Structure formats: structure tokens, C-alpha cells
Amino acid sequence: MPVQQERIEEHRITAEPYYLPRGEELEIARMVYAHRLPLLLKGPTGCGKTRFMEYLAWELERPLVTVSCHDDLTTGDLVGRYLIRGGEAVWMDGPLSLAVRAGAICYLDEIVEARKDTTVVIHPLADDRRELPVEKLGELLTAPPEFMLAVSYNPGYQSVLKDLKQSTRQRFVALEFDYPAAEFETEIVAREAGLDEGTARNLVKVATMTRGLKDSGLQEGASTRLLIHAGKLIKGGIAPRTACRVAVCAPLSDEPEMLAALEEIVSSVF
């Protein structure tokens, strides 16, 4: 199998991911894909954006190339670079080029974490051109119909320094994500952690109460992801209060007063 084909096959999702639809998001995403438009997912951390993309990729039968963006992400990291192998300079596609060539879905997670000069490279891919310049090769890649560009970010972390430029965001169709309604979140936590419904419901109560502290010194409340972590610990035999302390309270804050408030919330539920 050619190296490029072998690399892209590593990104193919072979088993159906568990995803509980909350509205029309899947129908909209299918239409976005059919019309070859780029997709922007907005929502707090751990609310299901990545799982949604995994499910969409599985449903569309396309490989999913995911890039976790960060401050040091360069254009070369996305597009590709020459590497020295056996004394020779060998070109290696970056994840974005790999996805374009293979007609895969490229998902740039938390795109606002990347440098602004890096995100500019996606502009021609995110408009009618659907092209990716590979300057070091003197090549212009045209995305096939199967290719899809998707990005995500957390509006709760917006600032002057970390926000999507209008020239970027106005290229996308945007889907809003939030934490699920209590009954849906209970079902998700129970399913993902293997918990009984009652314990899962209590974990969701804890999360709901922590989210109420967002304007009182807590940057963000407990995510569905953290509840699943706590649920797995409980399922494994860890006491619920202990599981919540290490999997919910401690990840949310380092401040002693806030930690005390969070642990009080846990004690009121468990």
C-alpha cells in the first residue's frame, strides 16, 4: 500500500461512534457537505463537538483527519515540509494536504489557538476556490468533491488576542453546540460510562450546579466529558464523592475557595 494511502487509512473510522442528536445538526451538516461548504462548530469544551465530527465522518464514510491547534502550529505543520531521510530530502504532506489529496474531512479543533498567520492558509480552501497552495512544491491542490473542511472553537475563551477574524469566520456555515438538556446528558453519561441512570442523573446535577458558578469566579462549568470521566471511576468502584473531586472539581480550578465550593456542591448531591 502506498505511504499516502496507508497514512489516510489510519484516519478511517470503522465502528459507529455513539452520538445522540440534539436537533437538526446532522441534517444541516449533511447538506453542508453535499454543497461543499466549510463547517464551523461553536461551543464550550467537552460538549460533544469532536464526537459529532467523528459520527459525521463515519456516516459519510470519509476519513477524519483531526488537528489539535496550538500556539506553535505553523503553516508547515498543516501543509507539509521536507524531511531528511537516508540523506535525501523527502516531502511529507501535512494533515491538511493529506486530507485534501484523499478527499477526507479535515477537522481543525480549537482553531483560535493557532497563530493567525497560520489560519490564513485555509482561506482559499474555505471559499469557492477550494484550493490549497503548497508553496514549497510550487503546487496548487484542488480539493475533490469528497473533501470537507471543519473547524471548531470555544466562544467562552474569546478575547482580543484569541478570536476568529471576520475574514475567516464569514467563510463558514456555523453550528451552535452547548451542553445537552439534562435528560439527554443523563442518557449520554449513563451510556458512555456504563452507569445506572440514577447515578448519571446525579452527576448531571453536579455539572448543572457548577455551570451556575461561571459568573462567580469559575471560567467554565463541568463538561459532559468530565462527567463521563467521573462516571467511569464510579463504575470502577471509586466512591462518588472521591470520583467527583478528582475528575470534576480538581480539573476545574486550583483556587482553594472555589475548590471548597465545588466540593460542597458534590456533597449536596452525593
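The values are calculated or read from the model by the stated rules, or taken from the named source; none is laboratory data. As the structure is a prediction and not an experimental result, all values here were calculated from the model. Ideal geometry is used to build each Cβ from the backbone, glycine not excepted, and the neighbour counts take in all protein chains shown. In case anyone asks, the SASA skips ligands and DNA or RNA and just uses the protein heavy atoms, side chains included. Shrake-Rupley method; radii C 1.70, N 1.55, O 1.52, S 1.80 Å.
Summary value for the chain: 19 percent relative contact order, contacts being C-alpha pairs under 8 angstrom separated by 6+ residues.
Here is how the number arises for the chain: DSSP H runs of 4 or more residues each give -39500 (n - 2.57), the sum is divided by the residue count, and the result at 222 nm is -11500 deg cm²/dmol. The label-point distance for ARG241 and ALA34, in a model that sets each label 7 Å from Cα toward Cβ, rounds to 5.5 nm.
For the range 121-205, with all protein chains present and a 1.4 Å probe, just round the carbon and sulfur fraction of the accessible area to a whole percent.
Working: 2090 of 4310 Å².
Carbon plus sulfur share of accessible area: 48 percent.
The slack between ASP72 and GLU24, meaning 0.36 nm per residue of separation minus the straight C-alpha distance, is 13.7 nm.
Taking the Cα centre of the range 182-269 as origin, work out the dipole magnitude from +1 charges on Lys and Arg Cβ and -1 charges on Asp and Glu Cβ, in debye rounded to 20.
Values: 10 positive and 13 negative charges, 57 e Å.
Here the range 182-269 has a charge dipole of around 280 debye.
Against the chain, whose longest principal axis comes from its Cα atoms, helix 25-34 is set at around 0 degrees.
Work through the residues other than THR142 whose Cβ is under 11 Å from its Cβ and net out their charges, Lys, Arg +1 and Asp, Glu -1. Spell out each step's value before the answer.
Details: positive: ARG101, ARG129, ARG130; negative: GLU131, GLU139.
Net local charge, THR142 excluded: +1.
Given their separation in residues at 0.36 nm each and the Cα-Cα distance between them, ARG12 and ARG211 gain 68.1 nm when the chain is fully extended.
Solvent-accessible surface of the range 182-269, taken per residue with a 1.4 Å probe and all protein chains present: 52 Å². Seen from a random direction on average, the alpha-carbon convex hull of the range 182-269 projects onto 4.8 square nanometres. The three principal axes of the C-alpha atoms in the chain carry coordinate ranges of 63, 42, 39 Å, sorted with the longest axis first.
Mind giving me the FRET efficiency for ASP117 and GLU257? R0 is 25 Å, r the Cβ-Cβ distance, nearest 0.05 is fine.
On the way: r = 40 Å, r/R0 = 1.60.
For ASP117 and GLU257, the calculated efficiency is 0.05.
Entry comment: accessible area of the range 2-176 is 49 Å² per residue, from protein heavy atoms only and a probe of 1.4 Å.
Taking Cα atoms only, the orientation of helix 197-211 departs from the longest principal axis of the chain by about 80 degrees.
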